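S.K.: Sharing a structure here in structure tokens format.
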Amino acid sequence: VVVCALSISCVRRADSEAVALPGSVRVGPDTNHNTLRATLDEVFGPDELGPVLWGIEIRSLDRRERLYSRNSELLLTPASTMKIVTLAAAADVLGWDDKFDTTLSSSARIESMTLQGDLIVRGTGDPTINAPGTEKIFSAWAGELRALGIRSIAGRIVGDDDEPIGKNDGEDGSGFGAGWAWDDLVLGFATPVGALQHRENVVDVVVRPNSSAGSLGHVRVQTPWSGLSLLNEVITVDRGEPTHIELFRAPKTDVLRVTGQISQGRSSLVRKVSVNNPTLFFVHSLKSSLEQAGIAVEGPAIDIDSLSNSEKLSLRRGLRTLVQHVSSPLSDIAVSMMKRSQNLYAESFLYRIGSVEGRGARAGQEVVSNVLAGWGVRRSGVAVADGSGLSRYNYLTASALVDVLDVMYRDQHWQEHFIKTLPIAGRDGTLRRRLLGTAAEGVVRAKTGSMSRVRALSGYVKTADGEQLAFAMLANNFSVNSSAVNATIDDVVTLLASYSRDE
């Protein structure tokens, strides 16, 4: 006997039609899979949203059985659900307690309250220095230097970004992932990764209108030192006219071109922009903070890459540590990475994974692939290009994503830390505004993925009976509005949260 209690949930289509989904399904033991599969086949069918390439895998972790699949072995673009793979591999290779360290050191002596030489800052890729919630780290370092009796520095502030993330494997050292879109590189979510990172390698660009229409708007970089040269092409337009601002910066250049228009009377707009050289951004900002704290710095702030090899060797000889900073553990950083979908953190983890073999991101890609293969995830189901999912060269199958979720769930220690990182439906992170007021609210923990013509969601959900499911839903190559695709995904996880077996 099959008894279906239906509550209607509508997926809004681009053509204003709606797809009715069961909000709760109760089925008998011999027919439950058939009922669920028939419902989902209709939802993901070609007649509902038009052309969409779906990859779906829904698996019961408690019963070790596949509840539903559709193109689950098809390689698709995962967008930010790639972070699931990166974090899982980082937990295996580095451990949840792994920490980044940053040191301030010098070979010079301290005399008459002056450091008689250069101050060397050496990093290992900590992406959290002066990130939201930790903005006063440079001030704390200044306090530690003052406690050592230092009131001035006779030399330079030198950023040593060469080790251990490494540039010795043929990489260009740009810090960008393979396959990142060039027109994304100016934006804060596509900032380059490096050994020295500060304020998540982004600055705030503020745009406001002028007092008269037809005049240039006002554009400024809010951060004291950015290394960027502004080219303002923003025009002030009459009240009621639309406002649109565009940003352009060619890779590895400092000229930031700001174009578009802003209407009179509207408030300032703030755009987050990536810096060109994270190391220079770091050391210039550190120099400014030291001077504000009363420590005079006579020399300039420089990137060690501007020195010759012989100068580097001389600079590194006889160093002693003056200040050492240790980050929060990976388990804490991962929460921010996954809840906020913070790309820089994911790329930093990938570089750190690569540093295990003394190399950079390319080694990290290989290590991640090898870790997954060791877990039994088929190599044919995974193509790793970066850590964050920004690259169009990344490919995953829905089955591979669920395999990784399965591995994380099986180990009690890994499960405890991993599940804490995932956004909770209707509560926090990138899911805080989704699935509100549904059976999935507070029940679904999953990672979102979003880029042009790509939407994805992958994670865990408990059914109405408390049965633990893992799922991956990847949608590629669609022409409808992305909100319709997200609505379909949300209705399906709501269905899963309402699902009940009658045995």
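S.K.: Only one of G159, G123, G175 is on the phi > 0 side of the Ramachandran plot and within 27 Å of the chain's Cα centre (by Cα). Can you tell me which? Write out each step before concluding.
M.R.: Numbers: G159 fails: on the phi > 0 side of the Ramachandran plot; G123 fails: on the phi > 0 side of the Ramachandran plot.
The unique qualifying residue is G175.
S.K.: Return the pairs, sorted by first residue and then second, in which the second residue is not in a strand (DSSP E or B), the first residue lies in segment 292-316 and is open to solvent by 50 Å² or more (accessible area, probe 1.4 Å), the beta carbons are less than 6 Å apart, and the residues are 6+ apart or on different chains.
M.R.: E298/A154; P300/R156
S.K.: Also, quick follow-up: Can you name the number of the only condition in (1) assigned to a helix (DSSP H, G or I); (2) crowded, with 22+ Cβ neighbours inside 10 Å; (3) in contact (Cβ under 8 Å) with a residue 24 or more places away in the chain that G364 fails?
M.R.: So the condition that G364 fails would be (3).
S.K.: Within segment 287-304, is even one residue in a loop (DSSP other than H, G, I, E, B) and polar (S, T, N, Q)? First the steps, then the outcome.
M.R.: Going through segment 287-304, the residues in a loop (DSSP other than H, G, I, E, B) turn out to be 293-295, 298-300.
From what is left, the residues that are polar (S, T, N, Q) are none.
No, because not a single residue in segment 287-304 is in a loop (DSSP other than H, G, I, E, B) and polar (S, T, N, Q).
S.K.: Please enumerate the residues belonging to segment 475-489 that are part of a helix (DSSP H, G or I) and either hydroxyl-bearing (S, T, Y) or without any contact (Cβ under 8 Å) to a residue 60 or more places away in the chain (or both). Don't jump to the end; show me each part of the working.
M.R.: Just the residues of segment 475-489 that are part of a helix (DSSP H, G or I), to begin with: 482-489.
Hits for segment 475-489 are S482, S483, N486, T488, I489.
S.K.: As an exercise: evaluate T124 against (1) without any contact (Cβ under 8 Å) to a residue 24 or more places away in the chain; (2) farther than 30 Å from K462 by Cα and give the number of the one condition it does not meet.
M.R.: Result: T124 passes all but (1).
S.K.: Here is a further query. Anything in segment 458-503 that is in contact with an Asp or Glu (Cβ under 8 Å, 6 or more places away or on another chain) and not hydroxyl-bearing (S, T, Y)? List them, or say none.
M.R.: E467, Q468, A470, F471, A472, R501
S.K.: Right, something else. Cβ-Cβ under 7 Å, sequence separation 6+ or interchain: first residue in segment 70-81 and touching a residue at least 12 places away in the same chain (Cβ under 8 Å) and under 16 Å from R453 (Cβ atoms), partner buried (at least 24 other Cβ atoms within 10 Å of the Cβ) and β-branched (V, I, T). Which pairs?
M.R.: Pairs that qualify, where the first residue is touching a residue at least 12 places away in the same chain (Cβ under 8 Å) and under 16 Å from R453 (Cβ atoms) and the partner is buried (at least 24 other Cβ atoms within 10 Å of the Cβ) and β-branched (V, I, T), are L74/T397; L75/T397.
S.K.: Considering only segment 90-128, state which residues are open to solvent by less than 10 Å² (accessible area, probe 1.4 Å), in contact with a Phe, Trp or Tyr (Cβ under 8 Å, 6 or more places away or on another chain) and of a type in the set (A, V, I, L, M).
M.R.: A90, A91, L104, V121
S.K.: Please go through segment 86-135 and give me each residue that is assigned to a loop (DSSP other than H, G, I, E, B) and of a type in the set (G, A, S), ordered by number.
M.R.: Keep residues of segment 86-135 that are assigned to a loop (DSSP other than H, G, I, E, B), which gives 94-100, 107-109, 112-113, 116-118, 123-135.
Hits for segment 86-135 are G95, S107, A108, S112, G117, G123, G125, A131, G133.
S.K.: Which numbered condition in (1) over 26 Å from A79 (Cβ atoms); (2) out of contact with any Leu (no Cβ under 9 Å at 6 or more places or on another chain); (3) exposed (fewer than 15 other Cβ atoms within 10 Å of the Cβ) is the only one that T321 fails?
M.R.: Result: T321 passes all but (2).
S.K.: Is it fair to say V443 is aliphatic (A, V, I, L, M) and farther than 26 Å from F189 by Cα? Let's see the steps before the verdict.
M.R.: Details: aliphatic (A, V, I, L, M): yes; farther than 26 Å from F189 by Cα: yes.
So V443 passes the test.
S.K.: Tell me, which residue of segment 208-258 that is hydrophobic (A, V, I, L, M, F, W, C) and farther than 29 Å from H198 by Cα is surrounded by the most Cβ atoms within 10 Å (Cβ to Cβ)? Steps first, answer last, please.
M.R.: Step one: list which residues in segment 208-258 are hydrophobic (A, V, I, L, M, F, W, C), which gives 213, 216, 219, 221, 225, 228, 230-231, 234-235, 237, 245, 247-248, 250, 255-256, 258.
Pick out the ones that are also farther than 29 Å from H198 by Cα and you get 213, 216, 235, 237.
On the way: A213: 15, L216: 12, I235: 17, V237: 19.
Filtering segment 208-258 for residues that are hydrophobic (A, V, I, L, M, F, W, C) and farther than 29 Å from H198 by Cα, the one surrounded by the most Cβ atoms within 10 Å (Cβ to Cβ) comes out as V237.
S.K.: Residue under question is I58, and the condition is that it be open to solvent by less than 30 Å² (accessible area, probe 1.4 Å), part of a strand (DSSP E or B) and either polar (S, T, N, Q) or in contact (Cβ under 8 Å) with a residue 12 or more places away in the chain (or both); does it hold? Spell out how you get there, then give the answer.
M.R.: Numbers: open to solvent by less than 30 Å² (accessible area, probe 1.4 Å): yes; part of a strand (DSSP E or B): yes; either polar (S, T, N, Q) or in contact (Cβ under 8 Å) with a residue 12 or more places away in the chain (or both): yes.
Against the criterion (open to solvent by less than 30 Å² (accessible area, probe 1.4 Å), part of a strand (DSSP E or B) and either polar (S, T, N, Q) or in contact (Cβ under 8 Å) with a residue 12 or more places away in the chain (or both)), I58 qualifies.
S.K.: Sticking with this one: Looking at R455, is it out of contact with any Phe, Trp or Tyr (no Cβ under 9 Å at 6 or more places or on another chain) and either surrounded by fewer than 23 Cβ atoms within 10 Å (Cβ to Cβ) or in a strand (DSSP E or B) (or both)? Quick ask: steps written out before the conclusion?
M.R.: Details: out of contact with any Phe, Trp or Tyr (no Cβ under 9 Å at 6 or more places or on another chain): no; either surrounded by fewer than 23 Cβ atoms within 10 Å (Cβ to Cβ) or in a strand (DSSP E or B) (or both): yes.
So R455 fails the test.
S.K.: Okay, next question. Take R271 and decide whether it is in contact (Cβ under 8 Å) with a residue 40 or more places away in the chain, at negative phi, open to solvent by 40 Å² or more (accessible area, probe 1.4 Å) and part of a strand (DSSP E or B).
M.R.: Working: in contact (Cβ under 8 Å) with a residue 40 or more places away in the chain: yes; at negative phi: yes; open to solvent by 40 Å² or more (accessible area, probe 1.4 Å): yes; part of a strand (DSSP E or B): yes.
It is true that R271 is in contact (Cβ under 8 Å) with a residue 40 or more places away in the chain, at negative phi, open to solvent by 40 Å² or more (accessible area, probe 1.4 Å) and part of a strand (DSSP E or B).
S.K.: Of all residues in segment 458-479, how many are within 23 Å of D184 (Cα to Cα) and open to solvent by less than 20 Å² (accessible area, probe 1.4 Å)? Before the answer, list the steps.
M.R.: Taking segment 458-479 as the starting set, the residues that turn out to be within 23 Å of D184 (Cα to Cα) are 474-479.
If we keep only those that are open to solvent by less than 20 Å² (accessible area, probe 1.4 Å) as well, we get 474-476, 478.
The number of residues fulfilling the criteria is 4.
The values are calculated or read from the model by the stated rules, or taken from the named source; none is laboratory data. Predicted model only: the values in this text are computed from it and were never measured. So basically every Cβ, Gly included, is an ideal-geometry build from the backbone, and we count neighbours across all protein chains shown. Ligands, DNA and RNA are stripped out before the accessible areas are found, and what is left, the full protein with its side chains, is counted by its heavy atoms. Shrake-Rupley method; radii C 1.70, N 1.55, O 1.52, S 1.80 Å.
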